[in-house]
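Written below as C-alpha cells is the structure these notes are about.
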Amino acid sequence: MSNSWTSAASLTAEQRLDVLNLLNRTEAVLGREAIDEGSRRIVVHGWKAEHWLRHLEGNLEGYALLAGSEHPTIEMCGGRFDQDLLNAVLEVHPQVDWWKRDSHLIEHGTVIRTLQMMRTPLPVDVVDVPAGATLRAFEPRRDEDTWLQQNNAAFAHHPEQGAWLLCDLEERIDEPWFDPSGFLLLEIDGRLAASCWTKVHELHPDRFGEIYVISVHPDFQGRDLGRIMVTQGLASLRKKGVSSAVLFVDQSNTIASKLYESLGFVVEREDNLVRFTAAT
C-alpha cells in the first residue's frame, strides 16, 4: 500500500473507526488530547470535512483534518507536523494555517498565533457575586439565545469564540460531557452580564476540570466580573471532586493572562498556529 497522503470529503464507517482508534491510541501515549475537540466531534459524528489519511501496509498511521474555506486550518493527529502532508495540502490550497501542538521544530512558516494552556490546583479563593446580582445555572431551551448574544458580544473580534451559532451551542449541549450545573450565568439588572462554562474531563486518568468558555459582556466590563466568574467556575469544579483545572488563552491577551496568573494558573503548554503559503 502507498504511504502517501490522500484526502476524502467524508469517512466511511470503517475509516471513522480507524481514525477514532488512532486518536485514542495517540492520546494514551501523549496523555493529552490527540486533536482539537471540535475536530474530534466531526469524526465522531461522521460529518463531512477535508479528511487527510495516510496508510502503511494497509493500516491507518496518519490522520489530519482541514476545516475552513477562507482561512483553511489543519491539525494532524498528535499535534505534529509532516512535510509530505503540507506539500499535498498546498497543492489544493494556496495557503494553510497549521496547528502545531508538540515540540517539533518547524524551520519555515510564520507563527501567527500562540495559544497557551494554563493550569491551577484547586481550590482557589472564591470572590462573591456583587450585591443585587443573580448567579444561576444555564437552562437548556431557555437561555440559548441570550447566552449567544452575550458571548458573541464579548468576543466580537475573536477568531473562534465570537461567531457562535445556535447549532454550535446545541451540538455541545447534546454532548455526553455537558452539565448545565457547571454552566454559570451572572445576571445584573435583568441582563446577562457574564458567564463561565466549565467542563469535567471525566475520561482522562487525572479527571481534571476546564474553564471552557468565560466571557463578560462589553457593557459590564471593568467591574472585575471576570475574576468573579472564573473563581465561581473553579468552585463549581471543586464541588465535583476535581483537584486541578485548565484553560486556554491567547498569548496576546495579556489582561486575561495576568488575571489567571493572579489566581494561580501557570503556563503548561504552548500551541502555535503556523501559516504556510505555496511557492509561486
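A short reminder: the numbers here are calculations on the coordinates, not readings from a lab. Nothing here was measured: the structure is a model prediction, and the numbers come from that model. Reconstructed Cβ throughout: ideal geometry from the backbone, glycine too, with neighbour counts over all protein chains shown.
Taking a ≥ b ≥ c as the square roots of the eigenvalues of the Cα gyration tensor, the stretch 119-271 is rounded, since a/c falls below 1.5. With a cut-off of 12 Å between beta carbons, the residues surrounding L135 carry a summed charge of -1, where Lys and Arg count +1 and Asp and Glu -1. Here the extension length gained between L165 and E107 equals 17.2 nm, from 0.36 nm per residue of separation less the Cα-Cα distance. Label reach from E202 (point 7 Å along Cα→C-beta): in the stretch 241-260, amide nitrogens under 19 Å belong to 241-246. The angle separating the long axis of helix 13-30 from the principal Cα axis of greatest extent in the chain is about 70 degrees. Measuring r between the beta carbons of V92 and V266 and using R0 = 25 Å, the FRET efficiency lands at 0.05. With the highest mean first, a sort of the peptides 146-155, 132-141 on other beta-carbon atoms found within 10 angstrom per residue produces 146-155, 132-141.
Distance from the Cα centroid of the stretch 245-268 to that of the stretch 72-125 is 20 Å (rounded to whole angstrom). Basic side chains Lys and Arg get +1 at the Cβ, acidic Asp and Glu get -1 at the Cβ, and with that the dipole of the stretch 156-243 about its Cα centre reaches some 460 debye. For the pairs K199/K258; K100/K240; K100/K258, note any where the Cα-Cα span goes beyond 29 Å. Checking Cα-Cα distances, K100/K240 exceed 29 Å.
Counted residue by residue at 0.36 nm each, then reduced by the alpha carbon distance between them, the extension gain from A8 to H157 reaches 50.4 nm. Based on Cα contacts under 8 Å between residues 6+ apart, the chain shows a relative contact order of 22 percent. According to the square roots a ≥ b ≥ c of the eigenvalues of the Cα gyration tensor, what is the shape class of the chain, taking rounded for a/c under 1.5, prolate for a/b larger than b/c otherwise, and oblate for the remainder? Because a/c hits 1.5 or more and a/b exceeds b/c, the chain counts as prolate.
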